[in-house]
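All remarks here apply to the structure that follows.
The values are calculated or read from the model by the stated rules, or taken from the named source; none is laboratory data. Computed from a prediction, not measured in an experiment: that's the story for all the values here. Cβ placement follows ideal geometry from the backbone for every residue including glycine, while neighbour counts extend to all protein chains displayed.
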Amino acid sequence: MKSMIRSMLRQITKFPIDDTQLSKSINEFNTTAYNFVTNLHTTAVLPISAVIISIILVLELARNATHMEGDHQMGVKIIAATMFKSALLVIAAQNSTMFLNAINEVSSKIIIGIGKTKTDFGSDADLKTLNDKIIPLVSDLDTGDQAGMIMMLLIPYLTVIIARVVIQVMIIFRFTELYAMSAFASLPIAFLGHPDTKNMGVNYLQKYAAVSLHGATLMLAISIYSALMHSGVVVNGFLKIGDKDKLADWMFSHYVDFVIPPIVLLILTLASGKIAKSLVGQ
């Protein structure tokens, strides 16, 4: 049971995940998937987008035809503006992946920035100091205290484990969404060219930005957990336990410091998607 207690304490107090997973680009996360969706977009989706732009051009000319009657100069201006608009649409559709990569780059910068400000309580020095404190204190516990410690640690331990699983699933699902949406990048861009379909393109870009920023909100949740756990447990907790203090008594008086951070992590993790959507107005 002593080894179980030490293992549970280490699991609760270490950083939940490898944060480099969140800062990876969609190309770095899975190169095979990225190459597949890029080729799919180029060979299958982009030609369809060109057809849609052609249809939008015809619809725009038909819609503006009433303004051309009896005024040749105005007609020339309208045709020129429509052709220029269509040319911009073609260029934007052909470079749609560049726009998406720019969104991902902004998200990656934010994720890296949040990661740099997180409280690092998982360093080798901290863990060594923590282990030096835990090992003798756990060894002094009798069987009853050990069982009590395990029961007290069970809730924060399971909460952290669940939060880690949820975070890993969300990271994989986030990149999967980015790959799926990237495969059809030029279609929503093409729909931006007509007033009746413009919202489809805007909603797509908002959705893509929300999925991309989901990584930043996940990193924020993890960083908040890091700060709460570091200040409540590591700095003001284990590192200040006296050699003659009883670990079970200290755990009982500081139990809230163990329970609150994992619960906050799980709640913020589950709410991270909604937070990301609110950032882009969805």
Residue identified as at negative phi, in a helix (DSSP H, G or I) and buried (at least 18 other Cβ atoms within 10 Å of the Cβ) among Ala163, Ala180, Ala227: Ala163
Selection from the stretch 17-61 of residues that are β-branched (Val, Ile, Thr) and within 18 Å of the chain's Cα centre (by Cα): Ile17, Thr20, Ile26
Residues located in the stretch 59-72, provided they are at pLDDT 70 or above and either farther than 24 Å from Thr197 by Cα or among the aliphatic types (A, V, I, L, M) (or both): Leu59, Leu61, Ala62
Where a residue in the stretch 32-45 is farther than 14 Å from Phe175 by Cβ and touching a residue at least 40 places away in the same chain (Cβ under 8 Å) and its partner, wherever it lies, is of a type in the set (A, V, I, L, M, F, W, C) and in a helix (DSSP H, G or I), with Cβ under 8 Å and at least six apart: Val45/Leu187
Members of the stretch 238-266 found to be surrounded by fewer than 18 Cβ atoms within 10 Å (Cβ to Cβ), at pLDDT 70 or above and either in contact with a strand residue (DSSP E or B) (Cβ under 6 Å, 6 or more places away or on another chain) or closer than 30 Å to Gln168 by Cβ (or both), listed by number: His254, Tyr255, Val256, Val259, Ile260, Ile263, Val264
Some residue of the stretch 211-219 being of a type in the set (Ser, Thr, Tyr), under 27 Å from Gln21 (Cα atoms), surrounded by fewer than 19 Cβ atoms within 10 Å (Cβ to Cβ) and touching a helix residue (DSSP H, G or I) at 6+ places or on another chain (Cβ under 6 Å): no
Enumeration of residues in the stretch 177-209 that are aromatic (Phe, Trp, Tyr) and within 16 Å of the chain's Cα centre (by Cα): Tyr179, Tyr208
Where a residue in the stretch 197-215 is without any contact (Cβ under 8 Å) to a residue 40 or more places away in the chain and its partner, wherever it lies, is small (Gly, Ala, Ser) and part of a helix (DSSP H, G or I), with Cβ under 9 Å and at least six apart: Gly201/Ala190
